[in-house]
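First up is the structure itself, then whatever we jot down about it.
The values are calculated or read from the model by the stated rules, or taken from the named source; none is laboratory data. What you see is a predicted model; the values in this text were computed from it and never measured. Glycine also receives a Cβ, built like all others from the backbone with ideal geometry; neighbour counts cover every protein chain displayed. To get the accessible areas, we keep the full protein, side chains included, count just its heavy atoms, and leave off ligands, DNA and RNA. Shrake-Rupley method; radii C 1.70, N 1.55, O 1.52, S 1.80 Å.
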Amino acid sequence: MGSDWRRAIETQREEKDRYFGENPHSPIPESERETFDGLEYYPIDDEYRFERPLHEYEDPDRVAVGTSTDGEREFLRWGEFRVTVGDEDVAIQAYKADPDDERLWVPFRDATSGEETYGAGRYIDLESEHHRTNNGIWVLDFNEAYNPTCAYADRYECPLPPMENWLEVPIEAGEKSYH
């Protein structure tokens, strides 16, 4: 992400708000776009930004992940990040839809889910090009956590975070609940 990661996150948030408020493909229902004045976020906090290796599994398991519409999607449990949030050691799984994909998907629920954040959980997408240091370490930044599209409208089907990524600690970073 470069040295000015805070500014990059602020820019992402501004662009997302503009897209959600103006674009005809926005997940915000058309009837709500005129009054849409932006999403709510926690303040950017470096305590929720981690540079960690991904502990990759030698033989990734295929995992059936439930969706918001009672369907299922299949992912590969690719590896695990280990971080400390507050005083708690946390292991969080990273998934891939395809073994050749350079992207990791990190869905999670936490102690804020259903209170301050979307009840079904949030996501972090890690792109190899933008979320790796020069020495190959991943940048797992909960400040980038976002709501799936089903948080805005029922017409979307979203994969739900597997129970192994239901964290008992609060992750007070990233996007808050819509409404």
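For the reader, a short list of remarks on this structure follows.
- Candidate set from the stretch 134-156 (those that are in contact with a Lys or Arg (Cβ under 8 Å, 6 or more places away or on another chain) and β-branched (Val, Ile, Thr)); member that is least open to solvent (accessible area, probe 1.4 Å): VAL139
- ARG82 being at pLDDT 95 or above, open to solvent by 70 Å² or more (accessible area, probe 1.4 Å) and within 25 Å of ALA8 (Cβ to Cβ): yes
- Between GLY121, GLY136, the distinction of being small (Gly, Ala, Ser) and within 15 Å of the chain's Cα centre (by Cα) belongs to GLY121 only.
- Selection over the stretch 161-179 of residues that are more than 17 Å from LEU126 (Cα to Cα), of a type outside the set (D, E, K, R) and either assigned to a loop (DSSP other than H, G, I, E, B) or open to solvent by less than 60 Å² (accessible area, probe 1.4 Å) (or both) gives a count of 8.
- Within the stretch 39-51, residues that are in a helix (DSSP H, G or I) reach partners that are open to solvent by less than 30 Å² (accessible area, probe 1.4 Å) and of a type in the set (A, V, I, L, M) with beta carbons closer than 7 Å, at six or more positions or on different chains, in the pairs TYR48/ILE171; TYR48/ALA173.
So that you can scan it fast, the table gives a plain yes or no per residue for (1) in a strand (DSSP E or B); (2) in contact with a helix residue (DSSP H, G or I) (Cβ under 9 Å, 6 or more places away or on another chain); (3) closer than 17 Å to GLY66 by Cβ:
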position: VAL90; (1), (2), (3): yes, no, no
position: PRO99; (1), (2), (3): no, no, no
position: PHE108; (1), (2), (3): yes, yes, yes
position: CYS150; (1), (2), (3): no, no, yes
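- Residues in the stretch 56-77 that are open to solvent by less than 40 Å² (accessible area, probe 1.4 Å) and either basic (Lys, Arg) or touching a residue at least 24 places away in the same chain (Cβ under 8 Å) (or both): PRO60, VAL63, VAL65, GLY66, THR67, GLY71, PHE75.
- Among the residues of the stretch 139-146, none qualifies, meaning not one is at pLDDT 95 or above and more than 25 Å from GLN12 (Cβ to Cβ).
- Scanning the stretch 33-45 for residues that are open to solvent by 50 Å² or more (accessible area, probe 1.4 Å) and either among the small types (Gly, Ala, Ser) or at pLDDT below 95 (or both) yields GLU34, THR35, ASP37.
- Residue within the stretch 121-133 that is in contact with a helix residue (DSSP H, G or I) (Cβ under 7 Å, 6 or more places away or on another chain) and open to solvent by 20 Å² or more (accessible area, probe 1.4 Å) present: no
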